[in-house]
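What follows is calculated from the coordinates using simple rules that are stated; it is not laboratory data. Here the structure is a predicted model, which means the values were calculated and not measured. Counting neighbours? That spans all protein chains shown, and the Cβs are built from the backbone with ideal geometry, glycine included.
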Amino acid sequence: MSQQPLTPAFASTVLGYPRIGAARELKRALEAHWAGRSSEEELHVAAHAVQSADLRRLTDLGLDPSNGALPGDVAYYDQVLETTAALTAVPERFAGAIPGPVDTAAAFLLARGDAEHPALELTKYFDTNYHYLVPEISPSTTFVANPDRLVQVLLAHQAQGHALRPTLVGPLSYLLLAKAAADAPEGFDPVDRLDDVVAAYAELLTQLGAAGAQWVQLDEHALSTERGAALAADGHTVARVYSVLARAAEAGAESAGRPRLFVPTGYGSAGDPARPGHVQGELARAGVAAVHADLVRGVAPRAQYLGDLVGATLVGGIVNSRNVWRNDLRASLDALISLQAQVTSAGGALAVGTATSLQHVPHTVSAEQNLPAHLPQWLAFADEKVTEVATLARGVAEGAQAIEQELGQSDAAREARAGFAGTRIQAVRDRLAALGAADLQRSDAASRSTAQAAALGLPPLPTTTIGSFPQTGQVRTARADARAGRISEAEYHQFLRQEIARVVELQEQLGLDVLVHGEPERNDMVQYFAEHFDGYAPTEFGWVQSYGSRATRPAILWGDVTRPEAFTVPWISYAASLTNKPLKGMLTGPVTILAWSFVRDDEPLEVSAQQVALALRDEIEDLQDAGIRIIQVDEPALRELLPLRATDQADYLRWSVDSFRLAVGGAETATQIHTHLCYSEFGEVLTAIDALDADVTSIEAARSRMEVTADLASFGFSRGIGPGVYDIHSPRVPSQAEVAELVDIALTDLSPHQLWINPDCGLKTRGYAETEAALRHLVQAAQLARTAL
Ligand code: GLN
Ligand code: ZN
């Protein structure tokens, strides 16, 4: 495919921008619409206002509004769902409810489900905390191009002078991110439908071109995963798909301007990591006008492939869009200038961009008024990152002297950060340096089991919960009142003690064997810990979309971690003082604390994990000193951080398991360590979970009806295990017979001496009525099973 020399592509761009609005306006508009408080038209008006404001801001920050530099990811709920809608790829099981094109209401049905139609599955988008809706593809899925919504949005913004770049997931990634529908035959792979889906994309591109789109963005991030790389490795699939699409884009040109394709490949190096740039080269040769390389997680294209970029633009994704740190502009400019020399001598052009969409970071640092004084100048959220991109593009075009002032500011911020007292705390470093293998090793499992049985005196099939009890409106109001100063700290603490006493008494009445304090003092299982560690700062407005209308507010880990004082002990030991039953102390593990935070970029994650582990180790020692004999360290995110590439996984699993072992390594033989994971599809991490060496592991299992217990048995998992018998993700109360049935299934695979009876997860999101009834059934079922042993 020949590239005629045209007006050059944009000099700077970002792959996407947060969609939820600086004040989470889109969240409110969506929830009002779903609750029936606003019409669909009102929702569109609200969403358009958010998008217009964002596009204006992007223009003000330096992106060119006229040549396709403005990203056009305008999804209300999810960008993968948006692509499903544009392809009309409606799963068979929705066919009755969605007979025609996927309009807004139909898209929400796919996203949220109803009584007859369970929603599309939500799953993690690459290794981020964003969750997308998984397309369900079968041999009979029909793909029909439906660009209506994209065209409407495009025209509405064009009318305001914003030539945005419609954005979809590209065909390869769309099928790689999909799963086979439940009714698809054994061995069917969504990628088998590549030719059919490409035909629908070709039609979409033609129509978008006819509607006046100058550029269309097709995200091919899945080429950075193991499976995507394997698909790209054959050396012709990428070329075949994209020469069809580039031709289709040109066909749109007959009635309007010629739309050009921009195909970003973020979240790592696309294709074979030993041949960086080969995928970009193939795309460019196929006729893609702008390709992209993730220069943060991936590596720069190798010189031998740059020749393929003749006539094309390479967008150097050098600004990190996954973290909140200010870019090292001087180092970035150097890297870009040497890349530019190579790219231009090969006949291509270099533009500057982000590594991925900015959807993973909050809007702006300038909204934060209560960060510690040293921190704001180290940070860059989405807006600040757009400025960095524009600045670097200016530096590339005009030379370093043109941005000397910005380079100086960047240098100064880096120096201030490196020299700041909390960045490196010698005592923390010394303590880490002094650690040895013995610090990660508890006594052997058999002696622990004997000592714990003697110390705890629990019945077989002991019953317990995962930690939190319902967070009622009262609990949330008290927390908000305390934060706003409407009640004093003493009053708030008094309230929390009452709440704990109530929860302990309820558990006594229910007859549970191992009690918890209920976690009423915790807003969130990570944020609460971040607030009590030094080296961590929570934000006020740092919302990031998690899925749909849901956003989280990760805290920022900026320095070496210390724990100024014991913070869980007062609540947990108060609870323990109210009962003669064993009371289980509750902590969040190091990997989960890091996975749900913004982490440092100036230290390996492994080092931060060790520091958090030491802080937890001190807390565990204090809990033991306070007489607590059972301590649970939750690690629901252990599997989440698993790297995308197999070659990186072993090292991650080593340090993540070690950080858990470091946290609990000081526990006495008679102290029982529990852990909790929110899933049961262990796959490649089962060995790692075993290596955590926890005395008891509770997991989710009710929905899959204990499928996991057979796997655990064949693996030879020998320590305590609590597969959940109560699905807490639904308000439904399981009957005693249902719970008893699940207990029986578990007992066919596992020994009664290792089995624990507990819910799937914490009860925080449930109401009291259903929780009490379900726990009553759970305790009765356990008692019944005991008599049959
Ligand atoms: N202990 C936590 C709770 O019960 C665990 C939550 C989780 O696993 N996500 O809420
Ligand atoms: Zn859980």
- prompt: Tell me, what ³J(HN,Hα) does each residue in the range 99-109 have, in order and in whole Hz, if you take phi through Karplus 6.51 cos²θ - 1.76 cosθ + 1.60 with θ = phi - 60° and put x for Gly and Pro?
  reply: x, x, x, 7, 8, 4, 5, 5, 4, 5, 5
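Quick check: residue separation of W34 and D618 times 0.36 nm, minus the Cα distance between them. What number comes out in nm? Could the numbers behind the result be given before it?
On the way: separation 584, 0.36 × 584 = 210.24 nm, distance 4.61 nm.
Contour length minus the Cα-Cα distance gives 205.6 nm.
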- request: Give me the distance in nm between label points sitting 7 Å out from Cα along the Cα-to-Cβ direction at E398 and A788, one decimal.
  value: 7.9
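For the range 173-268, what is the relative contact order in percent, using Cα pairs closer than 8 Å and at least 6 residues apart in sequence?
Values: 125 pairs, mean separation 36.2, N = 96.
Computed value for the range 173-268: 38 percent relative contact order.
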message: Under the rule of at least 5 residues apart or a separate chain, name every residue whose amide H is placed under 5 Å from the amide H of D634.
response: L587, T588, G589, H676
query: Exposure proxy check: H131, H729, H292 ranked by fewest other beta carbons within 10 Å?
result: H729, H131, H292
statement: Quick note on K385, K124, K584, ordering by fewest other C-beta atoms within 10 Å, gives K124, K584, K385
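Have a look at the DSSP beta bridges in the chain and tell me what percent are antiparallel, nearest 5. Don't jump to the answer; show the numbers that get you there.
Details: 10 of 56 bridges.
The antiparallel proportion sits near 20 percent.
Would you mind calculating the gained length between H493 and E121 on full extension (0.36 nm times residue separation, minus the Cα-Cα distance), in nm to one decimal? Present the calculation step by step, with values, prior to reporting the outcome.
Values: separation 372, 0.36 × 372 = 133.92 nm, distance 4.03 nm.
Gain on extension, H493 to E121, equals 129.9 nm.
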Inter-label distance for A650 and T142, nm, one decimal - labels placed 7 Å from Cα along Cα-to-Cβ: 5.0
- request: Could you state the angle between the C-alpha long axis of helix 25-34 and the longest principal axis of the C-alpha atoms of the chain, as a value from 0 to 90 degrees rounded to the nearest 10?
  value: 70
field: Length-normalised contact order for the chain - Cα pairs under 8 Å, 6+ apart - percent
entry: 11
- prompt: When we measure straight from the Cα of K179, which lysines land under 29 angstrom away, once same-chain ones fewer than 8 places off are left out?
  reply: K27, K124
query: If the chain between Q509 and A427 were fully stretched, how many nm would it gain, using 0.36 nm times the residue separation less the Cα-Cα distance?
result: 24.8 nm
query: Between A437 and A49, what is the label-to-label distance in nm when each label sits 7 Å out along the Cα-to-Cβ direction?
result: 6.4
message: Would the range 488-528 count as rounded, prolate or oblate if I go by the C-alpha gyration tensor, calling it rounded below 1.5 in a/c and otherwise prolate when a/b exceeds b/c, oblate otherwise?
response: oblate
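Please say if the range 520-629 is rounded, prolate or oblate, where rounded means a/c under 1.5 for a ≥ b ≥ c the square roots of the C-alpha gyration tensor eigenvalues, and otherwise the choice is prolate for a/b larger than b/c and oblate otherwise?
oblate
Kindly provide the trypsin sites (Lys or Arg not before Pro) of the range 283-369 that DSSP labels as loop, not H, G, I, E or B, and whose Cβ sees at most 15 other Cβ atoms within 10 Å. Walk me through the numbers on the way to the answer.
Details: sites: R285, R297, R302, R322, R326, R330; in loops: R297, R302, R322, R326.
Within the range 283-369, the qualifying trypsin sites (Lys or Arg not before Pro) (loop, at most 15 other Cβ atoms within 10 Å) are R302.
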- prompt: A331 to H753: FRET efficiency via 1/(1 + (r/R0)^6), r the Cβ-Cβ distance, R0 51 Å, to the nearest 0.05?
  reply: 0.30
- request: Return, ordered by residue number, the residues of the range 562-606 whose backbone nitrogen is under 14 Å from a label point located 7 Å along Cα→Cβ of D625.
  value: 563-570
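In terms of the Cα gyration tensor, with a ≥ b ≥ c the square roots of its eigenvalues, is the range 42-90 rounded because a/c is under 1.5, prolate because a/b exceeds b/c, or oblate? Walk me through the numbers before you get to the answer.
Details: a/c = 3.31, a/b = 1.64, b/c = 2.02.
Taking the square roots of the gyration eigenvalues as a ≥ b ≥ c, the range 42-90 is oblate.
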